[in-house]
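Below is one structure, written out as C-alpha cells; the observations come after it.
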Amino acid sequence: MKSNSLRITLQAAMPLLMSPNAGAGNMVRKLEMAGAGVANDVDTEQTLTCLHLKMYHPLLQHDSRIFSAFNLGRKEELRAEDAAIFGRDVCKFKLLNTKVSRLQFEFNFFKPLHSSKMAFEIKNLSKRAKLYVDGLELSYLNKVDLPTKFMIRFGDFQILAETEEGESEEKYNICCEVSRYSLVQDVPGPLMVGISETGVLNGPTALYSHICRNTPPPVEVDENDV
C-alpha cells in the first residue's frame, strides 16, 4: 500500500519535473510535502487486537460438523462494543452440537483502567453448564478478565486462546482454528478470580488439573430460549 502511494506521488510530481519553469527548490519542497502526506496516511492505520482460538472436541474425527459454522483460519472483525457470543444458536459463533447451550459464553473487548492496552473478559451465559477458565470455575453470569494466554473448558470442549495485541479501540478480530489433538497439556493455567454481575468475588474452587478430571459431562440446555 505504501509503495503504491509513493508511485502515485511520483506520477503526480512528473509535470513539475518536466516543467522548464519549475525551480529546483520548489520541486524538492513539493516532493517532501507529498511524501509527508503519504507517511501520515500510513501512520494512521491501526492494527486490530486479535483473539486467536484453537478448538478441540474428542468427537471431531467422527463428526466434522461441530466447527463447520466457523470461518476457520479467517479473522472475523467485530466492533469494540459488540460481544463475541458462542453457543448453539442465536449467536455469531455457533458450535453445532446438541449438548451446547444456545448461549454458552461471550468475550467482551475493553480497555482496563489506567492501561493503554486493550483486553478481553469472558462471561458464562449458560444457566446449567459450568465454564472453566484455567483454574477458575464460572457459574451463570460470572465473568473474569483474561490473561494473554488461557484455556477454556466446558463439557468435552477445549479452547486454547491467545491474544495478539493491537492498537485500535474501535474494532477487534476473532480468529478460530481446529486442533485434532487435546489441548489440555498446553497451558498449566494460573489461578484467577471470577466476578459476578453483582460484583461479588468468586474465588477458584480447585487447581486446573483437578478441574480437568472432574468436569461434569455436557447436557443439552435450552434455558436460554427466547
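Can you tell me which residues in region 149-165 are open to solvent by 20 Å² or more (accessible area, probe 1.4 Å) and in a loop (DSSP other than H, G, I, E, B)?
Correct list: 156, 165.
In region 47-80, what residues are modelled with pLDDT of 95 or more and acidic (Asp, Glu)?
76, 77
For residues in region 172-194 being part of a strand (DSSP E or B) and either of a type outside the set (D, E, K, R) or open to solvent by less than 10 Å² (accessible area, probe 1.4 Å) (or both), which is modelled with the lowest pLDDT?
Filtering first and then ranking leaves 194.
Of the residues that sit in region 125-137 and are open to solvent by 40 Å² or more (accessible area, probe 1.4 Å) and touching a Pro at 6+ places or on another chain (Cβ under 8 Å), which one is modelled with the highest pLDDT?
137
Give just the number: which of (1) surrounded by fewer than 12 Cβ atoms within 10 Å (Cβ to Cβ); (2) in a strand (DSSP E or B) does residue 54 not satisfy?
(1)
Yes/no matrix, rows are residues, columns are (1) farther than 19 Å from residue 154 by Cα; (2) surrounded by fewer than 19 Cβ atoms within 10 Å (Cβ to Cβ):
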| position | (1), (2) |
| --- | --- |
| 80 | yes, yes |
| 86 | no, no |
| 103 | no, no |
| 108 | no, yes |
| 111 | yes, yes |
| 115 | yes, yes |
| 118 | yes, no |
| 123 | no, no |
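Which of the residues that make up region 65-78 are open to solvent by 90 Å² or more (accessible area, probe 1.4 Å) and more than 19 Å from residue 165 (Cα to Cα)?
Once the filter is applied, which keeps residues that are open to solvent by 90 Å² or more (accessible area, probe 1.4 Å) and more than 19 Å from residue 165 (Cα to Cα), region 65-78 yields only 65.
For region 129-148, name all the residues that are in a strand (DSSP E or B), touching a helix residue (DSSP H, G or I) at 6+ places or on another chain (Cβ under 9 Å) and within 17 Å of residue 54 (Cβ to Cβ).
132
The conditions are (1) touching a residue at least 24 places away in the same chain (Cβ under 8 Å); (2) outside any loop (DSSP other than H, G, I, E, B), and residue 106 fails exactly one of them. Which is it?
Single failed check for residue 106: (1).
The values are calculated or read from the model by the stated rules, or taken from the named source; none is laboratory data. All of these numbers come straight from a predicted model, not from anything done at the bench. When we count neighbours, we look across all protein chains shown, and the Cβ atoms used for this are built from the backbone with ideal geometry, even at glycine. The protein model used for the area step is the full one, side chains on, heavy atoms only, and it has no ligands, DNA or RNA in it. Shrake-Rupley method; radii C 1.70, N 1.55, O 1.52, S 1.80 Å.
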